[in-house]
Amino acid sequence: MPDDILAPWPLAPTSETDWLAALAQDDGLTGYLAPGLPDAAWVLGGMYERGETAGASVNDSQSRDEHPGPGWERLRWTELAARIGDPVVPQGVYPCLRCFPSAKGAGIPPGSIEWPAEGSLDRPTWDQLIRLLTAHSPQGTDTACLVYYNPIITRDFEKGHVRTGRLGDAQALFDNPDILYTPSNLWAADRSWVVCTDYDLWGTKVCGHRPLVEALLGDLDIEAIRLPWTS
């Protein structure tokens, strides 16, 4: 693994996740899904639609995604929901493959939509999320934080995988060549916010103070939504 990616992220004791396990009341098999701290919003994974000039997507339909390439256009969840008459996320459901149940009968050509990656944010969304977290953390890029990768994506069920570093170095974690997912959890060392990406979901829950959540909801690059039933 390239030293320039993980050198700023040394391994940390697995006990660093004890507070998350207690908070989520979970074992972290697919990631720790925390309640609002005190507020929360879901950042929806990037979805793209094939344009007339689009070639094959650069993505392999597994784990983290890049922008799929020239000719592919961002398709917002709200746009698709309005087009086919579905809610953005059905009541009582998490952002996942159970969303957009009417898509199959809506005349959408097969292969014309690249659905969000499960268990990982796409690069444009990850990068913008890190920028917003940085802007809403008092120490900015120097904010001490930790990351946790669940055992499914590390393929190691014997030991946990926790690393510690600076928020300013978090964008580079997208390019980890050994773990093809963004972290299952990313949190500030002072626990003022926590990012939760479950292995089975199309969205990432961000828990933290209200100004951070409002910034996510109002951002033009990120698509975020409150789902009260998930808190």
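The values are calculated or read from the model by the stated rules, or taken from the named source; none is laboratory data. Keep in mind that this is a model prediction, so the values were computed, not measured. With ideal geometry, Cβ positions are generated from the backbone for all residues, glycine too; neighbour counts draw on all protein chains shown.
Is it the case that some residue within segment 69-77 is assigned to a helix (DSSP H, G or I) and at pLDDT 95 or above? Yes, segment 69-77 contains at least one residue that is assigned to a helix (DSSP H, G or I) and at pLDDT 95 or above.
Number of residues in segment 116-144 that are farther than 23 Å from Gly46 by Cβ and either touching a residue at least 40 places away in the same chain (Cβ under 8 Å) or surrounded by 22 or more Cβ atoms within 10 Å (Cβ to Cβ) (or both) equals 3. Looking only at segment 179-201, which residues are of a type in the set (Ser, Thr, Tyr), surrounded by fewer than 24 Cβ atoms within 10 Å (Cβ to Cβ) and touching a helix residue (DSSP H, G or I) at 6+ places or on another chain (Cβ under 7 Å)? Hit for segment 179-201 is Tyr199, nothing else.
Of all residues in segment 202-211, exactly one satisfies the criterion of being surrounded by fewer than 24 Cβ atoms within 10 Å (Cβ to Cβ) and part of a loop (DSSP other than H, G, I, E, B), namely His209. Quick check on my filter: what residues within segment 34-84 are of a type in the set (Phe, Trp, Tyr) and either closer than 23 Å to Asp200 by Cβ or exposed (fewer than 15 other Cβ atoms within 10 Å of the Cβ) (or both)? Matches in segment 34-84: Trp42, Tyr48, Trp77.
For every residue, the table says whether it meets (1) of a type outside the set (Lys, Arg); (2) under 23 Å from Thr230 (Cα atoms); (3) touching a helix residue (DSSP H, G or I) at 6+ places or on another chain (Cβ under 8 Å).
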| position | (1), (2), (3) |
| --- | --- |
| Ala81 | yes, yes, no |
| Cys99 | yes, yes, yes |
| Gly105 | yes, no, no |
| Glu118 | yes, yes, no |
| Asp127 | yes, no, yes |
| Leu133 | yes, yes, yes |
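Mind checking which pairs have a first residue in segment 208-226 that is under 24 Å from Tyr48 (Cβ atoms) and a second that is of a type in the set (Ser, Thr, Tyr), Cβ under 9 Å, 6 or more apart or different chains? The qualifying pairs are Asp221/Thr125; Ile222/Thr125; Glu223/Thr78; Glu223/Thr125; Ile225/Thr78. Test of understanding: among Leu80, Leu75, which residue is among the aliphatic types (A, V, I, L, M), within 18 Å of Trp42 (Cβ to Cβ) and in contact with an Asp or Glu (Cβ under 6 Å, 6 or more places away or on another chain)? Only one candidate qualifies: Leu75. Number of residues in segment 30-68 that are assigned to a loop (DSSP other than H, G, I, E, B), in contact (Cβ under 8 Å) with a residue 24 or more places away in the chain, touching a Phe, Trp or Tyr at 6+ places or on another chain (Cβ under 8 Å) and at negative phi: the value is 9.
Residues checked against (1) under 13 Å from the mean Cα position of the chain (by Cα); (2) under 27 Å from Asn59 (Cβ atoms); (3) not basic (Lys, Arg):
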site: His161; (1), (2), (3): no, yes, yes
site: Tyr199; (1), (2), (3): yes, yes, yes
site: Leu216; (1), (2), (3): yes, yes, yes
site: Leu220; (1), (2), (3): no, yes, yes
site: Arg226; (1), (2), (3): no, no, no
